[in-house]
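What follows is a set of notes on a single structure, which appears directly below.
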Amino acid sequence: MNFRPIVAALTLTMLSGAAFAQSTAATGSDAILAGPGIAMGTSATMPLKYVNIQDTDLVTSKLVGVDLYNKQNEKIGEVSDIVIGDGKSVIGIVASVGGFLGLGESYVVIDPASIALADQDGTWKGFVDTTKDDLSNAPKLDYSKLKK
């Protein structure tokens, strides 16, 4: 399978927030960030539009659950979430590390540019340049401290 379209799509997604200027429009006590991406606020900033996707586009449902491997092809984690900054672009990939059967695992946020994706015999895999110990010792994401 040719991975260049997938890598290109991820790169464009990650860079799209930087490519456009943001403007802020206030409506009552809510501030809305305008520009491409998801509007942060209580009302849409433009009319409804539909998008056609290609079979080479990557959807998050295919990415969440992907196992992460190091250069030694050892499984060192799993993609558990995607972080979208200001509704504009993917800024982080949350990986679950450590633990067994969901017990004792912790979460770290990885820069998307640090991950390579490959479809190997029908199974998506993520590859990172780190060790299991380094990933386990990375700064932890505490979901309970995120704004609800």
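Quick notes on this one:
- Label-point separation in nm, K71 to Y143, each point 7 Å along Cα→Cβ: 3.3
- Close amide H partners of M40, meaning residues 5 or more places away or on another chain with modelled amide H under 5 Å apart, are L33.
- Amide proton proximity set for V66, modelled H, under 5 Å, gap of 5+: V79
- Here A118 and Q54 are evaluated by their C-beta separation; at R0 = 22 Å the FRET efficiency comes out at 0.75.
- Computed from backbone phi, the HN-Hα couplings of the range 105-113 come to 7, 10, 10, 10, 10, 10, 4, x, 5 Hz, rounded to whole numbers (Karplus: 6.51 cos²θ - 1.76 cosθ + 1.60, θ = phi - 60°; Gly and Pro given as x).
- Pairwise centroid distance, computed over Cα atoms, of the range 49-80 with the range 87-123, Å: 8
- Amide H to amide H distances under 5 Å link I82 with V94, where only residues 5 or more positions off or on other chains count and H is placed in the peptide plane.
Coordinate-derived values only; no laboratory data. As the structure is a computational prediction, the values presented were derived from the model and not from experiment. Positions of Cβ are generated from backbone atoms using ideal geometry, with glycine treated the same way; all protein chains shown enter the neighbour counts.
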